[in-house]
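**Q** Below you'll find the structure I mean.
The values are calculated or read from the model by the stated rules, or taken from the named source; none is laboratory data. The shown structure was predicted, so the numbers you read here are calculated from the model rather than taken from an experiment. Heads up, the Cβs are rebuilt from the backbone with ideal geometry, glycines too, and the neighbour counts pull from every protein chain shown.
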Ligand code: ATP
């Protein structure tokens, strides 16, 4: 489907519900904002994405191991990580529309508009100069473009200063100086900018009070940092090595919309790679490349990804980039790759009083390793797969079908086995085949409705193969196997079904491309 299509997201939301991928949470009570439940097909797709990630990280790398740490952690963890003091969003309300915004997002949207003007100038010049056009030269010399770029740089600088010094009055002044108006009311009637911590807190045990306040983890990474030494020692790991984890994270997001793109309860797949200080930038480049390869192996579109290198780095990072995906809402962050120096381990050393170091036998000394992390949202990955997969097609006979072209290795159901009729022993033969396949493949049996309708149902949930059992099957043990994407059907010996499934739906081929 064409991207940047307003309707595409709406279609995906309703398709997801109708076909059991994603339901609004507690829907009978009208749902809970920014919280979703995965249905019978959604959970299979989600598990397959997890497997693809886990295998590529843990199983394919000798020097990466996995853990599964608790969601609750000692409250000091979040003091050390900086989340208690600094995991805040600057918020601003428009007094007329009563809408709340992240102040930095308002400014960034304004910057995006200026970038749009630059792109227009570039497109105009490219047309005028034709083949002779040198984009680099143009953007560095054209006075109008240079002016726009200076404007952007000065806005970014002011915003960064306001964030760094936590001077929220300056932030508001910046919004006023830029003449930013509310997209809903159109007015510039703003409240002051305030801070809002994104962590959910709760009480541990029965005594209320400060001492027993604990948090739902806002990221899985800290569970890895606090276990650095446990894993390093018990697995006898040597630098460089990694620890991977998949698990839930919770953030009290203010602007929680865009379906499963921004949720309050979501799942992360994170890997912290511990390296010798000084080696981190090499590893950072390697992990950027490796992670991009992992994405592209899925075939969701060569041009659907781009890197966004962070210019304004967090104080503890010495390099950071996002892998952005072309979602139905445009290019947005799907995964982050961050070179986090020794910030986290040192902070935990200081707060816990325990050494979190590595003894380097070559150098004959102890040091705190540096960390390169890769962090991807499982739900965002799910949305990327769905938005690439959703297709509405008009067929040769003029009829329409909705098909999910999900990469076969990730498809919830790998094969549907369909008896042509409900009698003459065909259902029994179909069940026999399912009984043989079900140990290795997710298989569905369906005998209801005409065969064409059954194919459509499987297309709509992305089943790569439909196998039809007919009267000839009883005579010569052959079946027809239909390919979801080409809709071509071939007659093969029944034993061939397993061979096709093994070849085309296993994760192995995907992992080989990594
Ligand atoms: P954003 O800028 O979009 O809020 P972030 O920079 O805060 O994201 P990180 O803290 O780097 O995100 O988290 C790593 C990954 O976790 C993100 O790349 C994203 O895929 C996922 N993620 C973060 N917040 C959410 C959320 N509210 N809902 C779903 N996924 C999320």
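**Q** Return the only residue of 313, 298 being farther than 21 Å from residue 243 by Cβ, assigned by TED's automatic domain parsing to the domain that holds residue 272 and in contact with a strand residue (DSSP E or B) (Cβ under 9 Å, 6 or more places away or on another chain). Lay out the reasoning, then the answer.
**A** Details: 298 fails: in contact with a strand residue (DSSP E or B) (Cβ under 9 Å, 6 or more places away or on another chain).
Testing whether each residue is farther than 21 Å from residue 243 by Cβ, assigned by TED's automatic domain parsing to the domain that holds residue 272 and in contact with a strand residue (DSSP E or B) (Cβ under 9 Å, 6 or more places away or on another chain) leaves just 313.
**Q** Would you mention how many residues in region 252-272 are assigned to a strand (DSSP E or B), within 9 Å of the ligand (Cβ to nearest atom) and surrounded by 18 or more Cβ atoms within 10 Å (Cβ to Cβ)? Show your work before the answer.
**A** Residues of region 252-272 that are assigned to a strand (DSSP E or B), as a first pass: 265-272.
Those left that are additionally within 9 Å of the ligand (Cβ to nearest atom): 265-270.
Still in the running and surrounded by 18 or more Cβ atoms within 10 Å (Cβ to Cβ): 266-270.
Counting residues in region 252-272 that are assigned to a strand (DSSP E or B), within 9 Å of the ligand (Cβ to nearest atom) and surrounded by 18 or more Cβ atoms within 10 Å (Cβ to Cβ) gives 5.
**Q** Could you go through region 192-206 and let me know if any residue there is more than 12 Å from the ligand (Cβ to nearest atom), part of a loop (DSSP other than H, G, I, E, B), out of contact with any strand residue (DSSP E or B) (no Cβ under 6 Å at 6 or more places or on another chain) and without any contact (Cβ under 8 Å) to a residue 60 or more places away in the chain.
**A** yes
**Q** Can you tell me which of 249, 244 is outside any helix (DSSP H, G or I) and within 12 Å of the ligand (Cβ to nearest atom)? Working first, answer last.
**A** Details: 244 fails: within 12 Å of the ligand (Cβ to nearest atom).
Every option except 249 fails the conditions.
**Q** Considering only region 103-128, how many residues are over 20 Å from residue 178 (Cα atoms) and at pLDDT below 90?
**A** 0
**Q** Of (1) outside the structural domain of residue 279 (by TED's automatic domain parsing); (2) without any contact (Cβ under 8 Å) to a residue 12 or more places away in the chain, residue 458 satisfies all except one. Which?
**A** For residue 458, the failing item is (2).
Yes or no, residue by residue, for (1) surrounded by fewer than 16 Cβ atoms within 10 Å (Cβ to Cβ); (2) without any contact (Cβ under 8 Å) to a residue 40 or more places away in the chain; (3) assigned by TED's automatic domain parsing to the domain that holds residue 261:
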{"site": "10", "(1), (2), (3)": "yes, yes, yes"}
{"site": "21", "(1), (2), (3)": "no, no, yes"}
{"site": "28", "(1), (2), (3)": "yes, yes, yes"}
{"site": "36", "(1), (2), (3)": "no, no, yes"}
{"site": "45", "(1), (2), (3)": "no, no, yes"}
{"site": "49", "(1), (2), (3)": "no, no, yes"}
{"site": "60", "(1), (2), (3)": "yes, no, yes"}
{"site": "72", "(1), (2), (3)": "yes, no, yes"}
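**Q** The conditions are (1) within 22 Å of residue 472 (Cα to Cα); (2) crowded, with 17+ Cβ neighbours inside 10 Å, and residue 441 fails exactly one of them. Which is it?
**A** Among (1) within 22 Å of residue 472 (Cα to Cα); (2) crowded, with 17+ Cβ neighbours inside 10 Å, the lone unmet condition for residue 441 is (1).
**Q** Is there any pair with a first residue in region 429-440 that is in contact (Cβ under 8 Å) with a residue 24 or more places away in the chain and a second that is crowded, with 18+ Cβ neighbours inside 10 Å whose Cβ atoms are under 6 Å apart and which are 6 or more apart or on different chains, and what are they?
**A** What qualifies is 429/469; 429/473; 430/417; 430/419; 430/469; 433/417; 437/443.
**Q** While we're looking at this one, here's another question. Suppose we filter 355, 293 for residues that are more than 15 Å from the ligand (Cβ to nearest atom), modelled with pLDDT of 95 or more and part of a loop (DSSP other than H, G, I, E, B); which single one remains? Give the steps one after another, and end with the answer.
**A** Working: 293 fails: part of a loop (DSSP other than H, G, I, E, B).
Step by step, each of 355, 293 is checked, and only 355 is more than 15 Å from the ligand (Cβ to nearest atom), modelled with pLDDT of 95 or more and part of a loop (DSSP other than H, G, I, E, B).
**Q** Can residue 278 be described as part of a strand (DSSP E or B), more than 16 Å from the ligand (Cβ to nearest atom), closer than 27 Å to residue 358 by Cβ and in contact with a strand residue (DSSP E or B) (Cβ under 9 Å, 6 or more places away or on another chain)?
**A** Values: part of a strand (DSSP E or B): no; more than 16 Å from the ligand (Cβ to nearest atom): yes; closer than 27 Å to residue 358 by Cβ: yes; in contact with a strand residue (DSSP E or B) (Cβ under 9 Å, 6 or more places away or on another chain): yes.
Answer is no for this residue.
Condition check ((1) within 16 Å of the ligand (Cβ to nearest atom); (2) farther than 22 Å from residue 75 by Cα; (3) not assigned by TED's automatic domain parsing to the domain that holds residue 266) across all residues:
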residue: 304; (1), (2), (3): yes, yes, no
residue: 334; (1), (2), (3): yes, yes, no
residue: 343; (1), (2), (3): yes, no, no
residue: 346; (1), (2), (3): no, no, no
residue: 351; (1), (2), (3): no, no, no
residue: 360; (1), (2), (3): no, yes, no
residue: 366; (1), (2), (3): no, yes, no
residue: 376; (1), (2), (3): yes, yes, no
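**Q** Now for a different question. How many residues, within region 309-330, are more than 10 Å from the ligand (Cβ to nearest atom), in a strand (DSSP E or B) and either modelled with pLDDT of 95 or more or crowded, with 18+ Cβ neighbours inside 10 Å (or both)?
**A** 4
**Q** Test residue 335 against the criterion of being modelled with pLDDT of 95 or more, touching a helix residue (DSSP H, G or I) at 6+ places or on another chain (Cβ under 7 Å) and part of a strand (DSSP E or B), and give yes or no. Full working, then the answer.
**A** Values: modelled with pLDDT of 95 or more: yes; touching a helix residue (DSSP H, G or I) at 6+ places or on another chain (Cβ under 7 Å): yes; part of a strand (DSSP E or B): yes.
Yes; evaluated as a whole, the condition is true for this residue.
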